[in-house]
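Student: The following block contains the structure, expressed as structure tokens.
The values are calculated or read from the model by the stated rules, or taken from the named source; none is laboratory data. In this text, all values refer to a predicted model and were calculated from it rather than measured experimentally. When we count neighbours, we look across all protein chains shown, and the Cβ atoms used for this are built from the backbone with ideal geometry, even at glycine. Accessible surface is based on the protein model in full, side chains and every heavy atom, while ligands, DNA and RNA are left aside. Shrake-Rupley method; radii C 1.70, N 1.55, O 1.52, S 1.80 Å.
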Amino acid sequence: MRKPPFHKSFLNAFRGIFIMMKSERNFQLELVAFVANLFLIFYLNLSKTDSVLILMVSSGVLAAEIFNTAIEKTCDIIQPEFDERIGFIKDISAGAVLLMALISVITGALIYWKYIFHQH
């Protein structure tokens, strides 16, 4: 199988993100949180380091959600009927998103705290 041209690979990747935005409720909610973080970065005038940390954990949640969806869709193709083993795989995948989301919230709280409550 021949690889698509470089620009086509980018278009396919953006199409994948658009599909996630259009069809996955959790991704939509996480995207709203990402945009809220972008707003807070500028509104609170976060340092470069704090901004990068917020962007890393926020985008990490989005990436984890994309991987989780890919794993779940693949499992549904492989085994459309209920299977305890598939359920286990899906639970682990969802757990990865939850873990990333929790770390993201903790990181955000630690960073935003000093900007909101310790401004002079």
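Student: Would you compute, from DSSP H runs of 4+ residues alone, the mean residue ellipticity of the chain at 222 nm, taking -39500 (n - 2.57) per run and dividing by the full residue count, rounded to the nearest 500? Write down the numbers at each step before the final one.
Tutor: Values: 4 runs with 102 residues, N = 120.
Theoretical 222 nm ellipticity from helices: -30000 deg cm²/dmol.
Student: Equivalent ellipsoid semi-axes for the chain, as square roots of 5 times the alpha carbon gyration tensor eigenvalues: give them largest first, rounded to whole Å. Kindly include the intermediate steps, with their values, before the conclusion.
Tutor: Numbers: eigenvalues 211, 80, 23 Å².
Computed over the chain, the values are 32, 20, 11 Å.
Student: Follow-up. Which entries in the list 48/90; 73/114; 8/73 go over 32 Å, if you measure between the two C-alpha atoms of each?
Tutor: Numbers: 48/90 36 Å; 73/114 41 Å; 8/73 23 Å.
The answer is 48/90; 73/114.
Student: Something else now. How far is helix 48-78 tilted off the main Cα axis of the chain, in degrees rounded to 10, range 0 to 90?
Tutor: The angle comes out near 20 degrees.
Student: By how many degrees, between 0 and 90 and to the nearest 10, does the Cα long axis of helix 84-117 differ from the longest principal axis of the chain?
Tutor: Relative to the chain, helix 84-117 is tipped by roughly 10 degrees.
Student: With unit charges on the beta carbon (Lys/Arg positive, Asp/Glu negative), name the residue among 43, 117, 79 whose Cα is farthest towards the positive pole of the charge dipole of the chain.
Tutor: The residue sitting most towards the positive pole is 43.
Student: Follow-up. Ignoring ligands, DNA and RNA, what percent of the accessible area of the chain is carbon or sulfur (1.4 Å)? Could you put the intermediate results ahead of the total?
Tutor: Working: 6550 of 9200 Å².
Answer for the chain: carbon and sulfur cover 71 percent of the accessible area.
Student: Just report the Cα centroid separation between segment 45-111 and segment 13-29, whole Å.
Tutor: 14 Å
Student: How high is the relative contact order of the chain? Use alpha-carbon pairs under 8 Å, at least six apart in sequence, and give a whole percent. Spell out each step's value before the answer.
Tutor: Numbers: 58 pairs, mean separation 31.5, N = 120.
Relative CO of the chain lands at 26 percent.
Student: Right, next: Segment 37-87: D in µm²/s via Stokes-Einstein (Kirkwood Rh, Cα pairs, 25 °C, 0.890 mPa s)? Can you show the working numbers first?
Tutor: Values: Rh = 13.3 Å.
In µm²/s, the coefficient is 184.
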